[in-house]
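Trainee: Shown below is the structure under consideration.
What follows draws every value from the coordinates through simple rules; no lab data is involved. Just so you know, these numbers come straight off a predicted model, no measurement behind them. Heads up, the Cβs are rebuilt from the backbone with ideal geometry, glycines too, and the neighbour counts pull from every protein chain shown.
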Amino acid sequence: MIGTGILKGMAVTARNFVGSYFEKERLITVQYPEERSPLPENYRNFPFLIYDTEDAEAGLRCVACKICEKECPPQCIYIVKSEDKKPDYMGKPQFYPKIFDIDISVCMSCQICVEVCPFEAIKMDKVFELSTRERFDALRQGKDELSKSNTYYHSIHPIEAAEVDAKLAEAAAKKKPAAAPAAPTAGTSKSTPPSGS
Amino acid sequence: MSLGFQELEAAERPPTIMTSRLEGELLEVSMGPQHPSTHGVFRMNVALDGEIVRKLKPVFGYLHRNHEKIGENTSYLGSMPYTDRLDYFCSMTNNWAYALSVEKLAGIEVPERAEYLRVILAELTRLQNHASLLGFLLSDMGAWGTPLMYAFREREKILDLFESLSGSRMMCDYMRFGGCRVDASPEWLARAKEVVNRFPKFLDEFENLIVENEILIARTQNVGKLSPGLAISAGITGPMLRACGVNYDIRKVDGYGYYPRFKFRIPLGEHGDTYDRLMMRALEMRESIAILNQAFEQIPAGPVMNPKVKIRAFKPPVGEAYGRIEAPKGELGFYLISDGSSNPYRYRVRPPSFINLTILEDLCLGHTVADVMVILGSVDIVMGEVDR
Amino acid sequence: METLAEIKARTETVAPGARLEIVSNGSPSQQASLRIDNEHAVEIARFLRDDPELRLDFCSNVTGVDWLDRTIKKTVKVKQVVDGVEKEVDQISEEVIPGYLEAVYHLYSIARKHGPVIIRMRTADRTAETQLPSLTSIWRSAEFQEREIFDLYGIHFDGHPDLRRILMWDEFEDYPMRKDYREPDDYEYEPTPHDDVLEKAKRHYAPRPQLDGAEKITAQP
Amino acid sequence: MSDIDEGLRGELQRQGIWVTSMQELYNWGRKNSIWPLQFGLACCAIEMIATAASRYDIARFGGEVFRPSPRQADLMIVAGTVTKKMAPQIVRLYNQMPDPKYVISMGACAISGGPFKQGYNVLKGIDRYIPVDVYIPGCPPRPEALLHAFMELQRKIDEQKLSGSNKAEHLRPDQPSEFPVPAFGAHDLEPAANADLFRPPEIQR
């Protein structure tokens, strides 16, 4: 009989309509500003720089090797290397980035900078509420905005951060005979409050 | 800009003599690039006789974002996230096609677990692509909203899986040459299994909604018929080719990525019309679920990345390679020429939805304007891939 | 499937006078290709499609490649008499290969489920004689792809039913996929320039003296 | 239409009297019924559709009425890469929208060309031709990020004044509401940017 197919379809819509009042599977709206769906561990949005200890300037892991700048596919990283060296968290004198800019209006969140970084210095952030009314300087993040503590990293990617810390501690233990005996190991900054959140 | 009707011969055009009736006058209509249909910035120049399409010329390039040129100026690894943005519904299959081509070019082995993960992710991609296609197609037909909402509800579940594995909902950037970037945890596999197990329920519901619907049948059956001969000659691939009854599925023919290990059938159409193309997607989703269930059973433990492959300064030997996979929309191929440096000398994408549009005019001639949208919807195009 | 050498031999019997050449491929993919001459191209293509053994009825991918002028260094061992003693000496000769444009066709068979057979055609040079025969009459799938090659590479396909620009607008004059194409200058705002973008941005900033200071900063040590 | 004294308002509210000004009422109505133009360009458009679908449900903010015609739309969400071939059409669509009109530039491509900015056919930011109210970085931004930008736009509308020297732009007759449409040139769009709108700053480091 003509019309039965339509009625069958209407039954589906009716079932969905009624079901959406009590069936959990059909009730999926996330009431966004008040309620947020949890972001998974792996979620990534824009990169940030990690620093150990409590001083963002002294504890920055980045040594301005410019590998990420070179590998970044859309070329949104800009680094100017320092002329002098300063001791890093292990006491070894290293270069540091005088300027480290990321243009987040270009960044495509591809995570390649994280993959190529040999120093575990750049990681992906989870902040996505970045809408602004200004474009140019508002969307160019400088070193101050990018630097976030290791504790913050632990708070957003707990599993990954623990693995990174273990890896760095292992590397530090290997180097220890050569390095100064009082060199602090990575992950000592657990007590610092998150500064970037 | 000219309408692009220069080739409309004067002889074909009926004489423009003023008569009392306007019959025979062709009306030129430009549909798109901003058009209420949900297929992005696609434009068609249509010549109409009353409501009947007499000529149709697609106009491309409104999303031509120079993917190939950028690919030639970027390192091999750097092109991987760009492939996500080709067919932005199916970033996983795009990744796979590109990784497969580079693996051919450089002779890289892929670990067993990585191949299984690739199959799982490609089939999940096929599920969400076909589901949203059905939603879009129905919304083009006038079922405004409802089926699309149902389709997106299911799609979100699969996107959540992608997000928790790769970190992004749409732009996964998950595969690497010689494997996958991160391993899937057992919890993730369990979650994926649950989503897949629930999917048939949605399919049943969706099929109840559409399969017997008289309006849908009237709008799609015998509309936009495609003959197998023309389909093969015009290079049509994917569900569109199989809807004409041609048994050609690259998963079976090339047998890449351990597909020969799985038992699945290739659904074939009979008439090659819009209805067959629509149903082809519904049937393919069932087969994808079968593949997924076997893959969840068989997936072995082990590494997901070939340790010999360098991430940085990756330079394949001089030569060229063409690799292709069966993407949800058809044959997605990458043609790479290497000159031994870190960038490809030539980087070419064989986009299935672009080539599937070759016969759009043939499908639409003689049908009404309203059918054009339906036919276009059943071709399943994504502009990111058509224009690149 | 037959080997490429067998296909070549059989094609030569069908199209007498055709100059065919197997282009080797050094990569592990081992996809060697068959270079066909432009005069017999349509004839050869029809044979490849219709031959009952081959039945290459599906032309999957058509693409253009731009080859600039290249110099190839060849090292040949030559016997020379040095100081009265005959010795083998390496003689380095340089050969300049003039640039050309190339169209590459990847053919598969749906009927026999084999492939790919790759054929390629070359233009005489990159500027004046950029004609190639169109194979759209053999494989319809070449229609849009040849149009795309015309648009981006500037190869004129003789016999193509509708050779217009496809991706760029009609008024556009350049062929952007060629290797020597220079994109328009729109580098007014480049906050993170380096490498090639830096070079292009510098060109833009040059006539703007107020940005001279900024330029000095962007030039990296 | 001047602002109400907050103390007086609180006092009246305690008495059970709710007062509002014409301006507040007008802005309240406007900000809760923003009708976007149904217009997607690329990847971000799919996230825009996801925002309109049931999980994120832009209807909770009064923005679900996607209008296919620019004549009925208040908001243009430029979602995706703007190519040079598409830019004239976007400016034309913007010109066809009635005042007051707003633009959200969604995703990296629409802001600056994003990852594709090195392409020869990619416009490096839609703000070269039309004014943009809210920018959302991200590639693509999550649906939540679009909702966040939507709320940002609602805040902006709420702040607009109907009278006085700093009244909203659409009420000032000297402010243009239409912008010149670029033409296709032999090598590039002509002009490459609207110099009245696009004034990139000097980079200070």
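Trainee: So which of A:66/D:84; A:85/A:175; A:126/B:104; A:66/D:85; C:179/C:202 end up more than 25 Å apart, counting from Cα to Cα?
Mentor: A:66/D:84; A:126/B:104; A:66/D:85
Trainee: What shape does segment A:45-186 take by its C-alpha gyration tensor, where a ≥ b ≥ c are the square roots of the eigenvalues and a/c under 1.5 counts as rounded, a/b above b/c as prolate, and the rest as oblate?
Mentor: Here segment A:45-186 falls in the prolate category.
Trainee: Tell me, what HN-Hα J-couplings in whole Hz come from the Karplus equation 6.51 cos²θ - 1.76 cosθ + 1.60 at θ = phi - 60° for each residue of segment D:169-178, using x for Gly and Pro?
Mentor: The phi angles translate into 4, 5, 8, 9, x, 7, 7, x, 10, 10 Hz.
Trainee: Alpha carbon centre of segment D:153-204 versus segment C:1-49: separation in Å?
Mentor: 59
Trainee: Can I ask one more? Just round it to a whole percent: the fraction of Cα-Cα distances in segment D:33-161 exceeding 24 Å.
Mentor: Result: 20 percent of Cα pairs exceed 24 Å.
Trainee: Exposure proxy check: A:95, A:48 ranked by fewest other beta carbons within 10 Å?
Mentor: A:95, A:48
Trainee: While we're looking at this one, here's another question. In deg cm²/dmol, rounded to 500, what helix-only [θ] at 222 nm does chain D give when every DSSP H run of at least 4 residues adds -39500 (n - 2.57) and the total is split over its residues?
Mentor: -9000 deg cm²/dmol
Trainee: Sticking with this one: For chain B, what is the calculated [θ] at 222 nm in deg cm²/dmol (nearest 500), taking -39500 (n - 2.57) for each run of four or more DSSP H residues and dividing by its residue count?
Mentor: Here the helix-only value at 222 nm equals -14000 deg cm²/dmol.
Trainee: Return a whole-number percent for the relative contact order of chain B, with Cα pairs under 8 Å and 6 or more residues apart as the contact set.
Mentor: Taking the mean separation of contacting Cα pairs over the length of chain B, I get 25 percent.
Trainee: Looking only at segment D:144-169, which residues have a backbone nitrogen under 17 Å from a spot 7 Å from the Cα of residue D:25 in the C-beta direction?
Mentor: Counting backbone N atoms under 17 Å from the label point, the list is D:162-163.
Trainee: Please provide three numbers in whole Å: the alpha-carbon extents of segment C:17-89 along the principal axes, with the largest listed first.
Mentor: Extents along the principal axes, in whole Å: 64, 27, 26.
Trainee: I've got another one for you. Which net charge results when you count Lys and Arg as +1 and Asp and Glu as -1 among the other residues whose beta-carbon is under 11 Å from that of residue D:178?
Mentor: Counting the neighbours of residue D:178, the net charge comes to +1.
Trainee: In terms of Cα to Cα distance under 16 Å, which lysines are near enough to residue B:157, apart from those fewer than 8 places away along the same chain?
Mentor: Residue B:157 reaches A:24, B:193, B:201.
Trainee: I need the helices of chain D that pass two filters: whole DSSP H segments spanning 18 Å or more by Cα along the axis, and mean Kyte-Doolittle score no lower than 1.0.
Mentor: none
Trainee: Still on this model: Looking at the square roots a ≥ b ≥ c of the eigenvalues of the Cα gyration tensor of segment B:259-366, which shape do they give, rounded for a/c under 1.5, prolate if a/b is larger than b/c, or oblate?
Mentor: Oblate shape, in that a/c is at least 1.5 and b/c is the bigger or equal ratio.
Trainee: On a 0 to 90° scale, report how tilted helix A:4-22 is relative to the longest principal axis of chain A, with both axes built from alpha carbons and the result rounded to the nearest 10.
Mentor: That works out to roughly 50 degrees.
Trainee: Can you give me the orientation-averaged projected area of the convex hull built on the Cα atoms of chain C, in nm²?
Mentor: Average projection, Cα convex hull of chain C: 20.9 nm².
Trainee: Quick one: in segment B:33-175, what % of C-alpha pairs are over 17 Å apart?
Mentor: Result: 70 percent of Cα pairs exceed 17 Å.
Trainee: Which of B:382, B:41, C:85, B:195 comes first, and how do the rest follow, when ranked by fewest Cβ neighbours within 10 Å?
Mentor: Taking fewest neighbouring Cβ atoms as first place, the list is C:85, B:195, B:382, B:41.
Trainee: Residue D:167: which lysines have alpha carbons under 17 Å from its alpha carbon, excluding same-chain residues fewer than 8 sequence positions away?
Mentor: D:31, D:101, D:156
Trainee: Projected area of the protein assembly as shown, taken from the Cα convex hull and averaged over every viewing direction, in nm²?
Mentor: 53.6
Trainee: Counting helices only, and only those DSSP H runs with n ≥ 4, report the 222 nm mean residue ellipticity of chain C as the sum of -39,500 (n - 2.57) divided by its residues, in deg cm²/dmol to the nearest 500.
Mentor: The per-residue figure over chain C is -7000 deg cm²/dmol.
Trainee: Mind grabbing the base-10 log of I(q)/I(0) for segment C:94-171 at q = 0.13, 0.22, 0.26, 0.27 Å⁻¹? Debye formula, identical points on the C-alpha positions, no solvent, two decimal places.
Mentor: One equal scatterer on each Cα of segment C:94-171 leads to -0.46, -1.03, -1.25, -1.30.
Trainee: Going by a ≥ b ≥ c, the root eigenvalues of the Cα gyration tensor, does segment A:42-95 fall in the rounded group (a/c under 1.5), the prolate group (a/b larger than b/c) or the oblate group?
Mentor: Verdict is oblate for segment A:42-95.
Trainee: Note the angle between two axes, namely the Cα long axis of helix A:158-175 and the longest principal axis of the Cα atoms of chain A, as a number of degrees from 0 to 90, rounded to the nearest 10.
Mentor: With both axes taken from Cα atoms, the answer is about 20 degrees.
Trainee: For chain B, compute Rg over Rh where Rg is the Cα radius of gyration and Rh is the Kirkwood radius from the inverse mean 1/r over Cα pairs.
Mentor: 1.00
Trainee: If you don't mind, there's one more thing I want to ask. Quick check on the exposure proxy: order A:1, B:280, B:383 from fewest to most C-beta atoms within 10 angstrom.
Mentor: A:1, B:280, B:383
Trainee: Helix check for chain B. Which DSSP H runs span at least 30 Å along their own axis by Cα, with a mean Kyte-Doolittle hydropathy no less than -0.5?
Mentor: B:112-140, B:186-210, B:274-298
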